[in-house]
Amino acid sequence: MSSIRVAAPRAAFAGSAEARRPARAKEPSMRAHLLVPADDERALEPALKSGADCLWLDLRATPAPGARPRARDLALGLLRAARKGGPHLYVRVNALESGEIDADLDAVMKGAPDGIVLPGAGGGADVQHLGAKLALREAEYDLPDGATQIIAVVQTPAAIFKMGTYAGASRRLAALSWSPDDLAAAIGARATRAPDGALTPPYGMARSLVLMAAKAAGVAAIDCAELGERARFKAECEAACRDGFTGKLGLDAEQVALIAATFRR
């Protein structure tokens, strides 16, 4: 996925992460989501001004092992620098099987994120597994038990067959989302869309299953990010809103504005 590249936070945003973010309930106001690179220390202030309801500070897009410690430190700094009353702050960590997730959580949980985005989620058991990791760190860092929520992202073929397992899996689960590009890479597909821009049948099916699984679990359904030009992205937002999604992930401030204009009508 691409992500927004934007300017540095100022000292005016400094403050206690714990004081800034008390435990929050699942809220339908989390409609416009924005992916923000955790390794870009200039990213926070414009992202905060973008109008997004929820920022995803992205650690997964830092593939070089030598760059990961710095990305984690910067993510923690972004969490601690965000001002009170701003958007929800989630961190997209590496997948459970990556070997990197514990180091990700050890770094960012000190900053009391509102939640964690779990890529490659394989069903309710994975949400429970992450929940156990979060509970340990909440206790270690004196955070409220259960305060850290989870957005699970479906992006593997095996996960499609576990969609019914999210219901009742964890009180931490706040939303389900999906990634057609990652799903296509796992399948070996050449494209996710037909020439007219419509999702091809495998990806249309995956999108529908994510929506139904979210509704069955009583959590938000967040439609995927999309690199299309403005008119197509606007049509994607309208289709997601029409179909029952509660929000959508954007990659820049312009997309956030289109998401907000559609879902807040």
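The numbers here are math on the coordinates, done by the rules we state, and not lab data. Remember, it's a predicted structure, so these values are computed and weren't measured experimentally. When we count neighbours, we look across all protein chains shown, and the Cβ atoms used for this are built from the backbone with ideal geometry, even at glycine.
Cβ-Cβ distance of Glu254 and Arg137, R₀ of 22 Å, FRET efficiency by 1/(1 + (r/R0)^6): the value works out to about 0.05.
Judged by the mean number of other Cβ atoms found within 10 Å, the most tightly packed of the peptides 191-202, 209-220, 158-169 leads the ranking 209-220, 158-169, 191-202. Length gained on full extension, Arg190 to Ala167: 5.0 nm, using 0.36 nm per residue less the C-alpha separation. Relative contact order of the chain, taken over Cα pairs closer than 8 Å and 6 or more residues apart, is 20 percent. For the chain, the 222 nm mean residue ellipticity estimated from helices alone, with every DSSP H stretch of n ≥ 4 adding -39500 (n - 2.57) and the total spread over all residues, rounds to -11500 deg cm²/dmol. A dipole drawn for the chain from +1 and -1 charges on Cβ atoms has a positive end, and of Ala32, Ile101, Gly77 the residue lying farthest that way is Ala32. The count of lysine pairs in the chain whose Cα atoms are under 25 Å apart, excluding pairs fewer than 8 places apart on the same chain, comes to 20.
If you stretched the chain out fully between Asp243 and Asp145, how much longer would it get, using 0.36 nm times the residue separation minus the C-alpha to C-alpha distance?
Details: separation 98, 0.36 × 98 = 35.28 nm, distance 3.44 nm.
Extra length available between Asp243 and Asp145 comes to 31.8 nm.
Of His33, His129, the sequence from fewest to most neighbouring Cβ atoms within 10 angstrom is His129, His33.
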